[in-house]
Every structure is written in C-alpha cells, then in structure tokens.
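The values are calculated or read from the model by the stated rules, or taken from the named source; none is laboratory data. Here the structure is a predicted model, which means the values were calculated and not measured. Neighbour counts run over all protein chains shown; Cβ positions are idealised from the backbone, glycine included.
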C-alpha cells in the first residue's frame, strides 16, 4: 500500500517513434509502470499523465514543450501533491553545457528531436529539471530514468540548460531519489519488442520481490525503498546482461542517486508472505551430532534440531546468521550470513578431525580487498552493562584517504570521514569503504552485533601483480616499496610504476633500493636533453591469452612533427611490467601504447629539458586502466634553482596522491595539508603537471581565500616550465590581456596539452573564433571521458578493448 495520508501524482513518458533510431520497448515500459502504480495504489489513475509516441492522440505526444509543461505546475505549486513519480523511457545521452566541455549533463531526447545536429536546443537537461524541483515542488520526488547516458558529443552539439521556467522563491529542500538505468557513459539494455531490462525488474521490485522487500525498524514494518529497489534491479540486470566484459558491465548496471534529505519508503508492505529455508548437512551421517542455530539481531529464531534437516522451514523474510557446531568435525562455514528473501538453501560441510585444508594463493583480480576486522565485546565499563548499540572504528594509513560507512538497512544512514572514523551505530549490516581519490582500495560488508567494538583496518587492494612484486599471498595492511617513503596503503601500484621509471636514471644509486635488481641503470646523459621512460603493467589473471603474451605484444612509440620513434619495451624480472627508455622528441608530443589484445592508448605527453619524463600505464582484464605522467628532476643532477624541501621519494609519492585527488575533485582540500603538498602545488621546482592541476582545482573551487597563492603558481610555472602548453594556457587564463596572443600562438603551433582540461580550454577558444578545423578541436572530442589526461583509448576494429574469459 502507499504511505498513509499522502497525495501523489505521476508523469510517465515513453518514446518509441523517433524519426531516426526508433525504439521498440519504451512505450510498453511506460504503460507497465503506469499499471503497477495503479495496481499497488501508489497513484490514482486520474492523477497519472501518460505521454507516449506513437500516441493515441496528439495531446499525448511527448515533445519538449509538452513534457516541460506537464512538470511546470508542480514547480510553480499550481498542482500541490506530497509525492511525484516521474518515469522516462526513451533515448538519452550525456552532453556538455559549459564552454570548456568539462561538465557533462544528462539530457533526455523528446520526440520532436528529429536530428541532434539541428535540434540540440530541444533536448531536456535533466540536471536543470532536478535542480529547479529541488527547492520548489512536491516534498518527495521519485525519478526513474530508463535511458542511455552515453557521450554523444563527438557528433553532436552542446545541450542548452534553459527550461524557460520563471524562477520561483526557494523553499525547503525537497527529497529526491533518482534512479538511472545506467551510470554516466552507459548504454541502457533492452529486449526487442519486449520491456527494457531495467523497467521489467523495476516493476517486480515495486511489488516487493526478493531483496526489494526491506524491513524498517523505525516503522516496524516491511517497506519497499529506493535503496531496496536499486539493489533488486541492479542484481537482476547483472544476471540479465549475461557474460559481458567487466569494462562494459560497469557501464550497464543501474545506479541510484538518493540525496539528503532522503525520501521515505516508496510503499509499506503490511503482511508479506513468509520465506522458506532448508538446511543440509554433508555428510548426512553427521546430522545427529551437528547443531545449527538461526539468529537475527543476536536473538535465536530457531535451530536444527528440533527442526529437520533437508526440509523447508518457514521464517520471516529477513537477513539472518547461521551458526554451526558438530562433534563429528569442523563445520564449514562455522558462521554464515543468509538472506532468505532470495537464498532458500544453506549447506554445512563437516570436515573430519585432522583434515588439512590447503591454503592457495588468491587468484583475485585487481580491485578492492577486504579489510582486516577485529570484533570484541564492548567492555567500556566494569560497573554497569554497556548501552545498547555497537562501536565501529576504522583508520586508514594515509591522511588523504576517505572512510565511508553505509547502513544497508533502513534508514540507510551514511557517514564519511577523512583518515579515520569512529561511530556508535545500531546493530545490523553495514558496508565500509576506503578510497583515495576515485579509487576504492578496500571494501567489505560487516554485520555489527549489539554491545560490540569493531576495529577495521584496510588492506592495500587485491592485485596479482602486487602479490607477485611484494611476495605476499593475501593483500597486507600496508606495503613498503621505498625505504624513504615508508609504509603505504592506497595507490601502491600507481606509486610503484613511476618509481621504476625514474629508477632507470638513478646513476647515483640514492633512490628506492627495494627494487635494485629489477631495473637496469642507464646514463641519462645518453638520452639528453629529455630522457623519457614508459612503464607498462599488465595486472590480473582473467585475460583471453596469457599475460606474458599481452606484454610481449605491446608496442610503444612517440609521434612528433609527423615522425615516429619506437620505444622498445623490455620485461623486468617479475614479467608483468615492461620498461622502455628513450629520448622525448619535443616539448609536447603523442605517445602511443598499443596491442592487438588491448587496443590503442594515445596520450599527449610533455617534457622539459634536463628533466625526465615518466609515463606509466597499468591495464586490467576488465578494460579499466590507470595512466599517469610526471616530469621529474633527474637524480644526481645539479640544477640552477632552489632544491625542493620535500625528499625525493616523498615527492614522487605525493605527486601520485595529488593526481588522484585532482581526479576526484578533492585537491583543494589538501592544499594546506603540510609543506610537501604546498611545494608541489605551487610549482616550486618540482612537477609542473600537478601544479597545473592545482590551478584548475583552485579555479573550480571558486578561488577560495586563504587556500594557496594562484599568482605564485602561475609565476613559478612560467619561470621554470615556460615551454609546456599547459603552462602557457594557465598563464593566459590568469592574464586576460595576454590570452589572445598566447592561445593563438599555441593553436598555430598545433600544441598538444597534457591535461584534458587544457585541451578543452584551447578547443573552446578555437571554436569561438570559427577555427573548428583546428586539430585540437577534433582531438578534444575524442578524449576519454572522466579522466584528467588528453588521452583517447581506441579499440581495434575487430576487437573490443579487452575481453574477459568466463571462469568457473
């Protein structure tokens, strides 16, 4: 049933009849969503407005004007309801709305968009709609967007953000839950002449199937919530899309944006049917001496015996613990989590006394690893019983790391803290995550019991390459890859690769002795004036061919002024990493790293005379990759400039952390975090690339007072690194009177900036002056989205970038 006492309305849009690229399932999806709202009593039929194409009559056609006209009365409060449901099924895309093309926005495609090249102004900027309704409209708003969100900018123009709505006085912040069929850059799945993959499972989720049915302790009732709907649909879509490569899968799964303040549940389910669980003991001869207990919130629910093994037993649809003991041997598992909303069976295997279980090296793929968890009783006082609840404590090694804790049951509370976190929480299931910038390196689900203290320590992240390099069987809580850096947790591989790259030029033997035997020492004077190294790592095990073949197939070269220069990749002793050394051909140029198994990575790279350029690339079977570049002082070389106060190893480490923080938009927060970061950000004789990132981050933060000195950044960049295109663009942005000359000269010289932001600035300048044929314009349109570099990844015509082999 609907939430008692609330009034509701719905706008539902389904578009199949596009002039180009028609669809087959959008109208059926829209009609199914309407029917389920009526069936469940969420919205009365007379309060539902359905727009569709093809339409029964012209008044139903979902044009831009009609869609916005239907939403406008809710914004102006001419239609007053407590809850608004919006469902859109049709084409969608990501489009840029700013001149520098750095802000992608979700755009919906109404039926009157005949040609995106000519009708881009008819797109509906969904982000603008959400922003307007955020402070004027129904108190609770549920959006279900069953549409693609892939980037179409290469062929099509920017989208307008204008809605044509007169601004309303801002009121209290509304509660919005936005459910997308796919994340940004994703392409929604569908079944021809059937329903879309998302909507068919959305319908079942609203009915309370499986894990879509949740229990709210606050309401003391079963509910269907935005979070439980998202969990159910995501799981079903994961099963439906089949064996696709992981790089594609991550752009195929639904995503929920449930903002604070949060909505209440979508519906309350008064009396759901019981679930059934069947417990098996293997071997069956051990049943008579084996005891299994089912508990929920530390309370015993039932046990075997007296319940009979191998026979169904009815319980409430919830998450439970199963705990086993046996005099016949060791149960496996001794304790297990079971969710009877979808899991119907549990099997306990009894190992005879003395049987040895062989521990094998983990074959895991690169990604987050489970943290170390220590749980003990809460003994904070000897004089009285501790208060109900539990204490969770988590601490990361790096001060820049973020700790995120999320409750998996209603009310789905979330906590976020930098470096460490301590919270008193209610018993139940939680997810804890540790990340550095955008990269999650340790993650796990926890079941917190009442009156306990849970200590969580992250591990460095699962990676076969790191396990080989560090000679460990399981991811440890920290790693030492340099004596001068000390123990680290986050970004271990991203730090290791540039260290290996610069170590080739460490003729004085003063740096990073941990890997002395892996890298040959080369005289940097043989590669003057611009020595360069390229480091490529092949991580993971689930490749379509042996990783040794992949590494052997990789080719590296540079392109400058129409000339190609090959860099020969040589495997270092551990085999998963290759190193190529040569001379950079100029101040800015292209580096191409390609393989028939990977496709081609083409990136703009910069160099500075008498400094070493280090390019690093790590590739994984899921199609994801990490790319970075640094311009570093050559060890042992004396420079006619001050010596940085930050020690060399720490400098390399902090540069990698800074690049990750820039990627996640958190760099400004770290500006004043010690002298080391300030020196790196302000271009004080270190790496100009991170300094340019810091300048852009400062601009994006609104030029906050008391954070850094941007003029000092610009002056240092121009004094010490004047030749880099990124330096020149930053100087032009800060000095408007010189911008025209600087930007024109860069365009005339076909400059290749290192950073995507810089390339977009130049491309925007070129287009504004009618220079749409300039190379920088076409280059920028092919830059890979959601990463900081002027880089594009191209698949070979007969291959996807990476294909994952199915494993059993």
Q.
For the range 524-535, check the following and say yes or no: at least one residue is assigned to a loop (DSSP other than H, G, I, E, B), out of contact with any strand residue (DSSP E or B) (no Cβ under 7 Å at 6 or more places or on another chain) and within 18 Å of residue 632 (Cβ to Cβ).
A. yes
Q: Select, from 10, 59, 55, 2, the only residue that is modelled with pLDDT under 95, under 21 Å from residue 124 (Cα atoms) and surrounded by 13 or more Cβ atoms within 10 Å (Cβ to Cβ).
A: 55
**Q.** Unique match (being part of a strand (DSSP E or B) and at pLDDT 95 or above) among 42, 50
**A.** 50
Q: Answer yes or no: is there a residue in the range 777-798 that is at pLDDT 90 or above, assigned to a helix (DSSP H, G or I) and closer than 22 Å to residue 713 by Cα.
A: no
Q: Would you please name the residue that is nearest to the chain's Cα centre (by Cα), looking only at residues in the range 536-549 that are surrounded by fewer than 15 Cβ atoms within 10 Å (Cβ to Cβ) and in a loop (DSSP other than H, G, I, E, B)?
A: 544
Q. Being under 22 Å from residue 225 (Cβ atoms), surrounded by 18 or more Cβ atoms within 10 Å (Cβ to Cβ) and in contact with a strand residue (DSSP E or B) (Cβ under 8 Å, 6 or more places away or on another chain), is that true of even one residue in the range 450-464?
A. no
Q: Residues being at pLDDT 90 or above and over 22 Å from residue 663 (Cβ atoms): count how many of those fall in the range 433-447.
A: 1
**Q.** Of all residues in the range 408-448 being surrounded by 17 or more Cβ atoms within 10 Å (Cβ to Cβ) and part of a loop (DSSP other than H, G, I, E, B), the one that is farthest from the chain's Cα centre (by Cα)
**A.** 427
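Quick grid of which residues meet (1) under 34 Å from the mean Cα position of the chain (by Cα); (2) buried (at least 17 other Cβ atoms within 10 Å of the Cβ); (3) under 29 Å from residue 40 (Cβ atoms):
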residue	(1), (2), (3)
275	no, yes, yes
280	no, no, no
331	no, yes, no
340	yes, yes, yes
**Q.** Subset of the range 683-697 (residues that are surrounded by 24 or more Cβ atoms within 10 Å (Cβ to Cβ) and either at pLDDT below 85 or part of a loop (DSSP other than H, G, I, E, B) (or both))
**A.** 683, 686, 687
Q. From 646, 637, which residue is farther than 24 Å from residue 466 by Cβ and free of Cβ contacts under 8 Å to residues at least 60 places away in the same chain?
A. 646
Q. Given the conditions (1) within 33 Å of the chain's Cα centre (by Cα); (2) modelled with pLDDT under 85, which single one is not true for residue 509?
A. (1)
Q: Specify the residue that is farthest from the chain's Cα centre (by Cα); the eligible residues are those in the range 171-207 that are modelled with pLDDT of 75 or more and exposed (fewer than 14 other Cβ atoms within 10 Å of the Cβ).
A: 171
Q: Tell me, yes or no, whether the range 550-569 has at least one residue that is surrounded by fewer than 16 Cβ atoms within 10 Å (Cβ to Cβ), assigned to a loop (DSSP other than H, G, I, E, B), at pLDDT below 95 and on the phi < 0 side of the Ramachandran plot.
A: yes
